[in-house]
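Here is the structure we will look at.
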Amino acid sequence: MPPLLSDRLTVCLFAWNEEQRILRSLENFRGLFRVLVVDNCSTDRTAEVARGASYELTVI
């Protein structure tokens with residue numbers, strides 16, 4: 001895997017009930033930046049999908 005463009009930058013992706021769209025959004029950043037997904041108490045599987053894609057996840 002190529003090095004990150006910047007080890008100083010983190011993309012924060014705030015999500016609420018984005019199960020159907022979260023992977024498409026995450027793929028835009030894979031291998032470029034560190035990605036932090038902030039799940040805002042979704043009632044669908046947003047958090048599970050993000051965890052399954054090996055992204056760091058914070059639940060608020």
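The values are calculated or read from the model by the stated rules, or taken from the named source; none is laboratory data. Model, not experiment: these values are computed from the prediction. Cβ atoms come from the backbone with ideal geometry, glycine included; neighbour counts cover every protein chain shown.
Restricting to the stretch 29-60, name every residue that is more than 10 Å from the chain's Cα centre (by Cα), surrounded by fewer than 16 Cβ atoms within 10 Å (Cβ to Cβ) and among the polar types (S, T, N, Q).
40, 43
Could you grab the pairs with beta carbons closer than 6 Å, sequence gap of 6+ or different chains, first residue in the stretch 1-30 and charged (D, E, K, R), second one modelled with pLDDT of 90 or more?
Cβ pairs passing all conditions: 18/46; 19/44; 19/45; 19/46; 19/49.
Applying the selection to the stretch 31-60, what residues are of a type in the set (Gly, Ala, Ser), within 21 Å of residue 8 (Cα to Cα) and in contact (Cβ under 8 Å) with a residue 24 or more places away in the chain?
Of all residues in the stretch 31-60, those of a type in the set (Gly, Ala, Ser) come to 31, 42, 47, 50, 52-54.
Still in the running and within 21 Å of residue 8 (Cα to Cα): 31, 54.
Within the stretch 31-60, 31 is the sole residue that qualifies.
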